[in-house]
Amino acid sequence: MGALAGRVAVITGAGRGIGREHALLFAQEGAAVVVNDLGGSNAGEGTDTGPAQEVVREIVATGGKAVANTDDVATWDGAQKLVDQAVAEFGGLDVVVNNAGILRDAFLAGMSEAQWDAVIAVHLKGHAAVLHHAAAYWKQQSKAGNQPKAAVINTASASGTTLPNAGQANYGAAKAGIAALTLVAAEELARYGVRVNAIAPIARTRLTLATPGMGEMLAAEAESSEGGFDAFAPANIAPLVAYLAAEMCPITGKVFAVQGGAISELAGWHDVKTIETEGPWLIDDIAARLP
Ligand SMILES: NC(=O)c1ccc[n+]([C@@H]2O[C@H](COP(=O)([O-])OP(=O)(O)OC[C@H]3O[C@@H](n4cnc5c(N)ncnc54)[C@H](O)[C@@H]3O)[C@@H](O)[C@H]2O)c1
């Protein structure tokens with residue numbers, strides 16, 4: 001029996017890249033999957049129902065269960081339709097994988113309001129919107145006496161955690177926000193039987209292939225690994241996400257970096273050094289004592 005047998009999962013941005021691999025593995029492991037993808041460009045422009053439908057076709061062709069959803073997760077309304085569709089088509093909801101993403105890189109001095117807003121909307125609001133509607137569903141189930149055994153896996157990034165990246169203020173801020181959102185949601189939703197974790201993946205997808213400096217390296221790695229283990233294949237990310245989604249997994253409130261054959265647990269903000277005073281601070285005192 002598959003690790004996700006009988007689980008109903010919603011995966012956002014599952015028409016391409018990392019999300020597509022999550023959807024294929026989830027279905028192979030026995031989950032019924034709602035494959036969400038708006039189908040736009042790297043920058044989040046336009047829409048296309050093709051990518052979500054193509055992944056559903058692939059899953060169904062191999063005997064799996066999946067339906068397509070092409071709503072925009074960056075709106076409360078789109079996220080509501082996505083959650084409602086899982087419940088209507090498959091009779092419930094056990095797993096949410098928030099993965100949809102875009103990039104509009106720019107240095108702060110030249111960043112437009114639209115570049116800032118679009119990236120924050122898809123990533124940070126897109127995570128919060130789906131979480132909100134899923135949490136409302138799980139709360140209602142819990143109050144009705146059907147305590148969920150549910151899981152959420154969010155998608156952060158090195159850009160918002162371990163590797164601040166010049167030119168990605170919008171993206172890094174959204175991804176750091178997603179790491180914080182994960183910890184808050186884990187605290188809030190435990191009472192409804194919901195675990196919440198996040199990953200910070202690295203893989204070869206259209207997003208990273210288009211990133212200056214990274215694309216060439218990833219393409220070269222693909223050629224040199226021919227026949228062997230491809231450390232940047234997006235399929236390397238899915239097994240961790242499937243484990244975090246499984247009913248047997250006890251983990252909650254964690255953020256994991258994952259790439260190739262390596263999984264690292266990340267630790268967040270913590271006190272490094274404290275200075276104290278008996279009375280009000282003097283500026284010169286702070287200047288002398290703060291590292
Ligand atoms: N590839 C990496 O190395 C890497 C590194 C760190 C984080 N990530 C994150 O992983 C996630 C997946 O990225 P990827 O690299 O597979 O990129 P990708 O472009 O291949 O896939 C992202 C998918 O999200 C969809 N999408 C975008 N906006 C949407 C919206 N509003 N509603 C629904 N779907 C939407 C896109 O159409 C696309 O198919 C993103 O959150 C990304 O930030 C990726």
Does any residue of segment 125-145 turn out to be closer than 18 Å to ALA185 by Cβ, within 13 Å of the ligand (Cβ to nearest atom) and open to solvent by 20 Å² or more (accessible area, probe 1.4 Å)? yes
Does segment 264-291 hold any residues that are more than 29 Å from GLN147 (Cβ to Cβ) and in a strand (DSSP E or B), and which are they? SER264, LEU266
Of all residues in segment 45-103, which are open to solvent by less than 50 Å² (accessible area, probe 1.4 Å), touching a helix residue (DSSP H, G or I) at 6+ places or on another chain (Cβ under 9 Å), more than 9 Å from the ligand (Cβ to nearest atom) and not small (Gly, Ala, Ser)? VAL55, VAL56, ILE59, VAL67, VAL83, VAL87, LEU93, ASP94, VAL95, VAL96, VAL97
For segment 152-171, name all the residues that are among the aliphatic types (A, V, I, L, M), farther than 26 Å from PHE26 by Cα and open to solvent by less than 50 Å² (accessible area, probe 1.4 Å). ALA169
What residue, among those in segment 208-228 that are open to solvent by less than 30 Å² (accessible area, probe 1.4 Å) and at pLDDT below 90, is farthest from ASN197 (Cα to Cα)? SER225
Just checking, how many residues over segment 8-29 are more than 7 Å from the ligand (Cβ to nearest atom) and either open to solvent by 40 Å² or more (accessible area, probe 1.4 Å) or out of contact with any Gly (no Cβ under 7 Å at 6 or more places or on another chain) (or both)? 12
Of the residues in segment 172-201, how many are open to solvent by 40 Å² or more (accessible area, probe 1.4 Å) and more than 25 Å from MET111 (Cα to Cα)? 6
Selected residue (only one of ALA257, ALA231 is open to solvent by less than 90 Å² (accessible area, probe 1.4 Å), small (Gly, Ala, Ser), in contact (Cβ under 8 Å) with a residue 12 or more places away in the chain and not in a loop (DSSP other than H, G, I, E, B)): ALA257
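The values are calculated or read from the model by the stated rules, or taken from the named source; none is laboratory data. On a predicted model such as this, the values are computed, not experimentally measured, just so you know. Cβ sites come from the backbone with ideal geometry, for glycine too, and all protein chains shown count toward neighbours. Accessible surface areas use protein heavy atoms only, side chains included; no ligands, DNA or RNA. Shrake-Rupley method; radii C 1.70, N 1.55, O 1.52, S 1.80 Å.
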